[in-house]
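Enquirer: What follows is a structure written as structure tokens; I'll ask about it next.
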Amino acid sequence: MRNLVFQDPGIRVSTNTTQSLNHIWERIRVPVVVPALHLAMYLCIAMSIMLFLERVYMAIVIAGVKCFGKKRYTKYKLESVKEDLQKNKNYPMVLVQIPMFNEKEVYKLSIGAVCGLSWPSDRLIVQVLDDSTNEVLRTLVDLECRKWIERGINVKYETRNNRNGYKAGALKEGLKKQYVDDCEFVVIFDADFQPDEDFLWRTIPYLLNNPELALVQARWKFVNADECLMTRLQEMSLDYHFSVEQEVGSSTCSFFGFNGTAGVWRIRAVNDAGGWKDRTTVEDMDLAVRASLKGWKFVFVGDLAVKNELPSTFKAYRFQQHRWSCGPANLFRKMVKEIMFCERVSIYKKFHLIYGFFFVRKIIAHWVTFFFYCVVIPATILVPEVHLTKPLAIYLPATITILNAACTPRSFHLLVFWILFENVMSLHRSKATIIGLLEASRVNEWVVTEKLGNMMKQKYSTKASKKPRSRIRERIHVLELLMGMYMLHCAIYNMLFGNDHFFIYLFLQAGAFFIVGIGYVGTFVPN
């Protein structure tokens, strides 16, 4: 009785609440949580195996391609085409489009690089499609175009009073201009891309050599890959995309997703596929899929790289990844029936499009990374009735990770950081794919990726020692902090009651979520 009278009421309430929560947990754990977790685990295991088999398949294909020298672009005999062009002077008319929107830091770089392309000036039209809302910037871009016009380059500066269709709308409007009627090919460069002067000589001959070819895609080379840890990790992911995914698609069934830039299209193929559409945020992939269903072929030129810039701020990278993850899922929803019932392509190509290209790479890859490795596996630590074997929890993801990192050997020592960062980003990518599949809010959100440019990079490098002021609301990311708390709880529980050392991974992953959650990642740029 004395204990009841003199016990601190706050402690008594806290104890009772804890006991109640423990009681509720014990009541629902076996009949509810265990079956649900078993189901989630089996689904994630199935997805993990699907991703593993897809990665192994691509590894086998790319190994065969490299060992036997079967890269598709090496099969073309282009020397005779180049000699014919130079001898007979029958150069095709080429249109180069540079879509931009408030690209203050990079507009000079892209316009200057494109205007320096080695191609007869009377057979080249440079079209600057400027949707900028800043009138001062429009004036600057116009002056830059006039400067190159005075040097003998045929530059067309086109603006719109609206941003209907965003990039797709600008490209579509650009192709409607009367002076484009004489053009046979169109080249697209985003505002931060800087092609070498021989770009056209290394791409146009492919299209002249094969009339069934619609697209020639070059790979990307990153000028700021060493700017910070985040850009190095991006380089690892994108190197795998170009070195393996694009190369395998080009070598096996002549299909891969257009990257939206650094590519040359046959204008007739663009029109035949129905032109540019703004129904998703991946207008480039949309056009590529429709052109492929019309029977057109693509080729990826892996030894031709175009310099460009990686997003170096986390805010810019997060918006980019939302668009790149939401758009393909939404396009899959819109086109899966059209692909299934298309009669012009083979069953193998349909399977490659639906299963390999869309389902596994664009949806499953994000879901299994987040739900399996960040939610389900940590949850099994809290529920001892659910057992997970080591081959599924360790060996499968390890194999997938090594296959990915092998494409960027210079960053192999950053493998652990890459795993942790990709797991954090899978939170946003998984959410974005669900939004795309359900066509929920933000499905058509389009935020132009912020670019700093070489001049801005030099400018801010001198201020690297000063921490810029930033709003707390912009720096704090609640979802990452919640996931970090969840992983930390699982790590502590495993360290106290587990009989393995899985808590090491959980502590590291929790730390990664916390670091991103407080915005301490990427380059800091003052407003």
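Enquirer: Apply the a/c threshold of 1.5 to the C-alpha gyration tensor of the range 22-163 and tell me whether it is rounded, prolate or oblate.
Expert: Values: a/c = 5.35, a/b = 1.69, b/c = 3.17.
Verdict is oblate for the range 22-163.
Enquirer: Skipping prolines and chain starts, which residues have an amide H placed within reach, meaning under 5 Å, of the one on residue 307, given they are 5 or more residues away or on another chain?
Expert: Hits under the 5 Å cutoff: 194, 196, 221.
Enquirer: Compute, for residue 385, the solvent-accessible surface of its heavy atoms (probe 1.4 Å) with the complete set of protein chains present, and express it in square angstrom to the nearest 10.
Expert: Residue 385 has an accessible surface of roughly 70 Å² with all protein chains in place.
Enquirer: A follow-up question, please. Would you check the accessible area of residue 318, probe 1.4 Å, heavy atoms only, in square angstrom rounded to 10?
Expert: 60 Å²
Enquirer: Let me ask another. Would you pull out the residues with amide H under 5 Å of residue 97's amide H, same chain only if 5 or more places away, H placed 1.01 Å from N?
Expert: Amide H neighbours of residue 97, under 5 Å, 5+ apart: 127, 187, 188, 189.
Enquirer: Just want to confirm a number: the relative contact order over the chain, from Cα pairs under 8 angstrom separated by 6+ residues, in percent.
Expert: On the way: 749 pairs, mean separation 90.9, N = 527.
Rounded, it is 17 percent for the chain.
Enquirer: Put +1 on the Cβ of every Lys and Arg and -1 on every Asp and Glu Cβ in the chain; which of 356, 495, 193 then has its Cα farthest towards the positive end of the dipole?
Expert: Checked the options; the winner is 495.
Enquirer: Could you pull out every residue, at least 5 positions away or on a different chain, whose amide H is within less than 5 Å of the one on residue 199? Hs are placed 1.01 Å off N in the peptide plane, and Pro or chain starts have none.
Expert: Those qualifying (amide H under 5 Å, at least 5 residues apart or on another chain) are 118.
Enquirer: Tally Lys/Arg at +1 and Asp/Glu at -1 over every other residue whose Cβ is under 13 Å from the Cβ of residue 382; what's the total? Could the numbers behind the result be given before it?
Expert: Numbers: positive: 29; negative: 26, 385.
Net charge in that neighbourhood comes out at -1.
Enquirer: Suppose every K and R has +1 on its Cβ and every D and E has -1 on its Cβ; what is the size of the dipole of the chain about the Cα centre, in Debye to the nearest 20?
Expert: On the way: 66 positive and 49 negative charges, 75 e Å.
For this selection, approximately 360 debye.
Enquirer: Same structure again: Just to confirm, what accessible area per residue do you get for the range 90-213 at 1.4 Å probe, in whole Å²?
Expert: Details: 5270 Å² over 124 residues.
Per residue, the range 90-213 has 43 Å² of solvent-accessible surface.
Enquirer: Next question. Where nothing but the Cβ of Lys and Arg (+1) and of Asp and Glu (-1) is charged, how large is the charge dipole of the range 125-223 around its Cα centre, in debye to the nearest 20? Please report the intermediate quantities before stating the final value.
Expert: Numbers: 14 positive and 17 negative charges, 41 e Å.
Dipole of the range 125-223, to the nearest 20 debye: 200 debye.
Enquirer: Oh, and also: Hey, with R₀ at 25 Å, roughly what FRET efficiency would residue 135 and residue 176 work out to, going by the Cβ-Cβ distance, to 0.05?
Expert: Values: r = 24 Å, r/R0 = 0.97.
Result of the calculation: an efficiency of 0.55.
Enquirer: Express in whole angstrom the spacing between the alpha-carbon centres of the range 243-306 and the range 206-236.
Expert: The range 243-306 and the range 206-236 have Cα centres spaced 13 Å from each other.
Enquirer: Using θ = phi - 60° and the Karplus curve 6.51 cos²θ - 1.76 cosθ + 1.60, what whole-Hz ³J(HN,Hα) does each residue of the range 267-282 get, with Gly and Pro shown as x?
Expert: Running phi through 6.51 cos²θ - 1.76 cosθ + 1.60 with θ = phi - 60° gives 4, 4, 5, 4, 5, 5, 7, x, x, 6, 10, 10, 6, 9, 8, 10 Hz.
Enquirer: Could you work out what % of the accessible surface of the chain is carbon and sulfur, using a 1.4 angstrom probe and leaving DNA, RNA and ligands out of the count? Each step should come with its number before you reach the end.
Expert: Details: 14800 of 25180 Å².
Roughly 59 percent, rounded to a whole number.
Enquirer: Tell me, in nm to one decimal, what length is gained between residue 77 and residue 142 on full extension, where the rule is 0.36 nm per residue of separation less the Cα-Cα distance?
Expert: On the way: separation 65, 0.36 × 65 = 23.40 nm, distance 4.05 nm.
Computed gain between residue 77 and residue 142 is 19.3 nm.
Enquirer: Could you tell me which residue out of 169, 386, 411 lies farthest along the dipole of the chain toward its positive end? Charges go on the beta carbon: Lys and Arg +1, Asp and Glu -1, centred on the Cα centre.
Expert: Toward the positive end, the furthest listed residue is 386.
Enquirer: Where does the charge balance sit around residue 123 when Lys and Arg score +1, Asp and Glu -1, over other residues with C-beta under 13 Å from its C-beta? It would help to have the intermediate numbers written out before the result.
Expert: Numbers: positive: 89; negative: 122, 182, 184.
Computed value for this residue: -2.
Enquirer: Here is a further query. To the nearest 0.05, what FRET efficiency results for residue 212 and residue 500 with a Förster distance of 51 Å applied to their C-beta separation? Present the calculation step by step, with values, prior to reporting the outcome.
Expert: On the way: r = 56 Å, r/R0 = 1.10.
Once the sixth-power term is evaluated, E becomes 0.35.
Enquirer: Starting from the Cα gyration tensor of the range 189-324, take the square roots of the eigenvalues, sort them a ≥ b ≥ c, and report rounded, prolate or oblate (rounded when a/c is under 1.5, otherwise prolate if a/b is larger than b/c, else oblate). Kindly include the intermediate steps, with their values, before the conclusion.
Expert: Numbers: a/c = 1.93, a/b = 1.48, b/c = 1.30.
Judged from the Cα gyration tensor, the range 189-324 comes out prolate (a/c at least 1.5, a/b above b/c).
Enquirer: Place a label point 7 angstrom from the Cα of residue 184 along the Cα-to-Cβ direction, then list the residues of the range 111-151 whose backbone nitrogen is under 16 Å away.
Expert: 119-125
Enquirer: Shifting gears a bit: To check you understand DSSP bridge types, tell me what percent of the beta bridges within the range 176-333 (both residues inside) are antiparallel, rounded to 5. Present the calculation step by step, with values, prior to reporting the outcome.
Expert: Numbers: 8 of 17 bridges.
Taking every DSSP beta bridge within the range 176-333, about 45 percent pair in antiparallel fashion.
Enquirer: Have a look at 347, 320, 367 and report the one farthest towards the positive end of the charge dipole of the range 273-398, computed about the Cα centre with Cβ charges (Lys/Arg +1, Asp/Glu -1).
Expert: The Cα lying farthest towards the positive end belongs to 347.
Enquirer: Please work out the C-alpha center-to-center distance from the range 161-204 to the range 343-372 and express it in whole Å.
Expert: 29 Å
Enquirer: Next question, about the same structure. Within 13 Å, Cβ to Cβ, of residue 211, how many net charges do the neighbouring residues add up to if Lys/Arg are +1 and Asp/Glu are -1?
Expert: Numbers: positive: 266, 268, 297; negative: 184, 212, 272.
Every neighbour counted, the sum reads 0.
Enquirer: Count the DSSP beta bridges whose two residues both fall in the chain, then state the antiparallel fraction as a percent rounded to the nearest 5.
Expert: Details: 9 of 34 bridges.
That works out to approximately 25 percent antiparallel.
Enquirer: Using the Karplus curve 6.51 cos²θ - 1.76 cosθ + 1.60 with θ = phi - 60°, what ³J(HN,Hα) values do you get for each residue of the range 298-313, in whole Hz, with x for Gly and Pro?
Expert: Per-residue couplings from phi come out as 10, 9, 9, 9, x, 9, 10, 10, 10, 5, 7, 10, 7, x, 10, 9 Hz.
Enquirer: If I model a spin label at residue 272 and residue 333 as a point 7 Å from the Cα along the Cα→Cβ vector, what separation in nanometres do I get?
Expert: In this crude spin-label approximation the distance works out to 3.1 nm.
Enquirer: Going from most exposed to least, what order do 84, 284, 278 have by accessible area with a 1.4 Å probe? Don't jump to the answer; show the numbers that get you there.
Expert: Details: 84 65, 284 25, 278 95 Å².
In descending accessible area the options line up as 278, 84, 284.
Enquirer: Give the accessible surface of the range 488-527 per residue, rounded to a whole number of Å², with probe radius 1.4 Å and ligands, DNA and RNA excluded.
Expert: Values: 2280 Å² over 40 residues.
On a per-residue basis, 57 Å².
Enquirer: To the nearest 20 debye, what charge dipole does the range 324-404 have about its Cα centre, counting +1 at the Cβ of each Lys and Arg and -1 at the Cβ of each Asp and Glu? Could you put the intermediate results ahead of the total?
Expert: On the way: 9 positive and 3 negative charges, 77 e Å.
Using only the charged Cβ atoms, the result is roughly 360 debye.
Enquirer: Provide the FRET efficiency to the nearest 0.05 for the residue 493-residue 440 pair, computing r from the beta carbons and using R0 = 45 Å.
Expert: Once the sixth-power term is evaluated, E becomes 0.85.
The values are calculated or read from the model by the stated rules, or taken from the named source; none is laboratory data. Every value quoted in this text rests on a predicted model; they were computed, and no experiment measured them. Every residue, glycine among them, receives a Cβ derived from its backbone with ideal geometry; neighbour counts consider all protein chains shown. Note: areas computed on protein heavy atoms with side chains; ligands, DNA, RNA excluded. Shrake-Rupley method; radii C 1.70, N 1.55, O 1.52, S 1.80 Å.
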